[in-house]
Amino acid sequence: MWGSPPRIFFVEGGQDSGLSHGAPMALCWKARNGRNCMKAARINRFGGPEVITIDEIPDPVPAPDQVLIDVHASAVNPADWKGREGFYKDAAWYVLPHIPGRDFSGVIRAVGAAVEGFDVGEEVFGVTDQGQEGAYATTLVMNPTIIANKPRNLSHAESAAICLGTLTAMVSLEGTAKLKKGETVLIHGGAGGVGAMAVQLARRIGAHVIATARASNADYVRSLGAERVIDYQSEDIATIGPVCDVVFDMVGGQDQRKLCSVLKPGGRLAWISRGPKDFKAPDHVTVLRPDVKRGRQHLDRIAALAEAGEIKPPAITTLPLEKAAEAQEMLKHRKVPGKIVLTML
Ligand SMILES: NC(=O)c1ccc[n+]([C@@H]2O[C@H](COP(=O)([O-])OP(=O)(O)OC[C@H]3O[C@@H](n4cnc5c(N)ncnc54)[C@H](OP(=O)(O)O)[C@@H]3O)[C@@H](O)[C@H]2O)c1
């Protein structure tokens, strides 16, 4: 039975009480209070990568209907550096100091009294709920209805790397855009964390896949299944003409106007990165915004597809948790294709 059940991480004494990276660890919270500590990368104020510190703070306390997970790997997402720069500063859930991190893989350390279906020691993966983060840490509490057993054939780093990307691509292409066999889809951002999984899922559906990527990522995107790759830095996407049934836009901005011109009449534009504020799609285009809800059903399907070899993890670069700041900068500036994953153990 658990004691008092705060859902979110609490920090003794607020923002300044955690020990910063490089500070002596002798005053670990456990030593002073007899409770286990976790290591976490925290954003202490909005700004550049320098605002991230590696802190030792008390483990989160799960409620009776939650599980406590030892995180082995946590994927780095654009939301993490955007949040650090203040993108979510008006959101009630984004409280400083803040632990970022959405998708993870790890092992259940403890199970609340009201939890059914999971046991201590099970390897699980998942994505934190909308409005919850915290996976840049060695310990995480989760609602068990939105975690699943990780794919048996994948490592923790690979499982963390396919989680949010595949979930987002699945909801967007299948649930929202309803991409069908024989249709042509443009995946705008094919080398990214979501794009790599979108290219694979679109091929699996039986669609013809055109993808955009910088030239150095073209072979990688082809290896995922794209039939044609457009170098967005030297080619104009509009020159392909109105040949697509679906566009999946992971880039947003001004490109969204141009993307409409590659859609056939009745074409669908599904976007997960916002276009210009004043953007109005032409009448021949249906604009769709996927709602990427978390749920075990999708995760079980992702695990099954991975185990059957029907999807493979994206290219992965791993860094230790202590290098969270460097990892975010690498992702922001697209230094590597696919996903960057922080490893904890
Ligand atoms: N639920 C949601 O709504 C949801 C979920 C996940 C992600 N997102 C958002 O979706 C976006 C993509 O996420 P991600 O994880 O895939 O990001 P990512 O791993 O950083 O990938 C970004 C992709 O964008 C491409 N790119 C960058 N600038 C471009 C340009 N000017 N033209 C064409 N392509 C360009 C990159 O191509 P190269 O690497 O080849 O340069 C890369 O493929 C982010 O904005 C993220 O916040 C939303």
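The values are calculated or read from the model by the stated rules, or taken from the named source; none is laboratory data. Since we're looking at a predicted model, the values are computed, not measured. Quick reminder, even Gly has a Cβ in these numbers, built from the backbone with ideal geometry, and neighbours come from all protein chains shown. Just the protein is used for accessible areas: all its heavy atoms, side chains included, with ligands, DNA and RNA removed. Shrake-Rupley method; radii C 1.70, N 1.55, O 1.52, S 1.80 Å.
Points to keep in mind about this one:
- No other residue among Arg289, Arg294 is at pLDDT 95 or above, open to solvent by 80 Å² or more (accessible area, probe 1.4 Å) and under 21 Å from Asn77 (Cα atoms) apart from Arg289.
- Qualifying position, being touching a residue at least 40 places away in the same chain (Cβ under 8 Å), under 15 Å from Lys293 (Cα atoms) and either small (Gly, Ala, Ser) or open to solvent by less than 30 Å² (accessible area, probe 1.4 Å) (or both), among Ala169, Ala177: Ala169
- Taking the range 114-131 as the range and being part of a loop (DSSP other than H, G, I, E, B), open to solvent by less than 40 Å² (accessible area, probe 1.4 Å) and in contact (Cβ under 8 Å) with a residue 60 or more places away in the chain as the test, only Thr128 passes.
- Checking each residue in the range 243-257 for being out of contact with any Pro (no Cβ under 8 Å at 6 or more places or on another chain) and either loosely packed, with under 15 Cβ neighbours inside 10 Å or touching a residue at least 24 places away in the same chain (Cβ under 8 Å) (or both) picks out Val243, Cys244, Asp245, Val246, Val247, Phe248, Asp249, Met250, Val251, Asp255.
- Within the range 247-345, helices (runs of 4 or more DSSP H) holding 1 or more residues that are within 15 Å of the ligand (Cβ to nearest atom) and assigned by TED's automatic domain parsing to the domain that holds Pro78: 296-307, 324-332
- Residue within the range 58-75 that is within 15 Å of the ligand (Cβ to nearest atom) and crowded, with 20+ Cβ neighbours inside 10 Å present: yes
- Boolean, Ala196 is open to solvent by less than 10 Å² (accessible area, probe 1.4 Å) and outside any helix (DSSP H, G or I): no
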